[in-house]
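**Q** Here's a structure for you.
The values are calculated or read from the model by the stated rules, or taken from the named source; none is laboratory data. Predicted model only: the values in this text are computed from it and were never measured. Backbone-built Cβ (ideal geometry, glycine too); neighbour counts: all protein chains shown.
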Amino acid sequence: MKIKPRVLLLSVSSGAGHLRAAQALEKAFATRGDCVVEHIDAMKYASKLFQNLYHKTYISLAKRAPDVLGLLYDRTDQPWNNPRPRLAMDRLNVQPMIRMLQRAQPDLCVATHFLPGEILAWLIDKKKLRARNAIVVTDYDVHALWLCRTVDRYYLALPESAEYMAAIGVPREKLRVTGIPVDPLFAKAVDRNSARKHLGLDPTAPIVLAAAGGEGVGPIERLVGGLLELRRPWQIVAIAGKSEKMRKRLEALSRQAGALPGGSSRLCPVGFTTEMDQYMAAADLLVGKAGGLTTSEALARALPMVLIEPIPGQEERNADHLLEAGAAIRCNNLPVAAWKVATLLDDPARLKHMQEAARRIARLNAAAEIAENALALVN
C-alpha cells in the first residue's frame, strides 16, 4: 500500500489574508484524499517578542502611519539584495519552528507567507530538510521578500508577475500562474436571492458591502457614515472583522440609521464572519481595502469594487492591477467616497462592465490547481 505524502501548510497570522489562503489550500488538499495535510501558523513557533513585534508593528503602521509602511515596502523591494542579515535575524527568532520542521520532515511544504518560505528554503539548502517546497504569493505583485533560491515552485496571481520573476532570474519552470487561492466555497454558484434570505438581508434593495479586512483595519466608520448621509435606498452591510470595538460602534450607528421603506435595517453590522462567500454573493458592490485575498474573493463572485485609500505598498500595487483590468475603481479621498459609490450604483451599464471584468480575471479554482500541481512534485 502506497504511503500518502505528508503536506505541511505554513501561514502567518499577521494579516488575515495569509491565513485564509492556507485554509483554502488545506480544504483543497484534504478534498483530494491522496495526501495527509496539516496547517500550522508559523508565528506560533516564534519567540513572544518576535510575535508581538511582527503583528503589532504591522497593524499599528497600517492604522497610524501607512506612508511609513509604504516607504519600508519600497526600500526593501530590492531583488536578491543581501538577504542574509534578515534571514539570520529570522532564524534566531524562529528556532522552535526550525526544530519542529526538522522533527516532522514532511514530504511537501507550502508557505503562504514569505517568513516560513525563507526558513524552509534555508533548511533545504543546508540539507536539514528533505521536503519539496512551494511558495504561494498572496498579492498580485511579488515583493523581494518572497524571493528564495531553493524553491521548487512559485504560485502567482498574474501572468505579469511570472514575467517579472523570470526577468529577475527565477527559472520559468518554477513559475505557475494560478491566481490567489480562495476558499473552494467561492467556486460554487450561489443565487443572490438565496444568499440574501440566508443572511436576513433585504431582498430587493441594492446592497453595499463595506469591509474593513480581517484585522479591522480601515476607515470603515467614516465611510459608512458618509453612505448613510446620502439617504439612498441602499442596505449597507459593514464587516468589522476582529475589531469588537468597531462592531459595537457600528451597531450604535445602525440604531441611529433607522430602516429602509420596506422595513429592513439601513445598516447591518457584522463582526468576524466565515460567510464572506454568502455576503459577496448577496452584494452589488464591495467597498473596502485592496488586500490580495479579499479582492480575489470578490473577483470569484464577480463583485465590482471601490478601493478606499489603499495602503502604500502591496495594496496600492494590488489596486493598480484591478484598475487596469476594469474590475475596480479607486477612491483616494475618503470625503468623496460616498459620492463615488453613488455615482457607480447610478450607472448600471458601468457596473455591469465591471462585473464582467471581474469574472474574466477571476481564478475560482486556484486552490485545487495549486494542490494538484504541488503534489506532482512528490508523486
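**Q** Given the condition aliphatic (A, V, I, L, M), over 27 Å from N318 (Cβ atoms) and at pLDDT 95 or above, answer yes or no: does some residue in the range 81-101 qualify?
**A** No, that holds for no residue.
**Q** Among the residues of the range 24-42, how many are surrounded by 20 or more Cβ atoms within 10 Å (Cβ to Cβ) and touching a residue at least 40 places away in the same chain (Cβ under 8 Å)?
**A** So the answer is 5.
**Q** Could you check, for the range 286-299, whether at least one of its residues is surrounded by fewer than 21 Cβ atoms within 10 Å (Cβ to Cβ), modelled with pLDDT of 95 or more and either over 17 Å from I361 (Cα atoms) or in the same structural domain as L199 (by TED's automatic domain parsing) (or both)? Before the answer, list the steps.
**A** First, the residues of the range 286-299 that are surrounded by fewer than 21 Cβ atoms within 10 Å (Cβ to Cβ): none.
No, the conditions are met nowhere in the range 286-299.
**Q** Moving on. Check whether at least one residue in the range 85-94 is more than 22 Å from the chain's Cα centre (by Cα), among the acidic types (D, E) and assigned to a helix (DSSP H, G or I), and report yes or no. Write out each step before concluding.
**A** Let us first name the residues in the range 85-94 that are more than 22 Å from the chain's Cα centre (by Cα), namely 85-94.
Checking which are among the acidic types (D, E) leaves us with 90.
This time we only want the ones that are assigned to a helix (DSSP H, G or I), so: 90.
Within the range 85-94, one or more residues are more than 22 Å from the chain's Cα centre (by Cα), among the acidic types (D, E) and assigned to a helix (DSSP H, G or I).
**Q** Looking at the range 231-246 only, could you name the residues that are free of Cβ contacts under 8 Å to residues at least 40 places away in the same chain and crowded, with 20+ Cβ neighbours inside 10 Å?
**A** Q235, I236, A238, A240, S243, M246
A quick yes/no check of all residues on (1) of a type in the set (A, V, I, L, M, F, W, C); (2) outside any strand (DSSP E or B); (3) within 25 Å of L375 (Cβ to Cβ):
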position: L9; (1), (2), (3): yes, no, yes
position: S13; (1), (2), (3): no, yes, no
position: G17; (1), (2), (3): no, yes, yes
position: A21; (1), (2), (3): yes, yes, yes
position: A24; (1), (2), (3): yes, yes, yes
position: A30; (1), (2), (3): yes, yes, yes
position: V37; (1), (2), (3): yes, no, yes
position: I40; (1), (2), (3): yes, no, yes
position: F50; (1), (2), (3): yes, yes, no
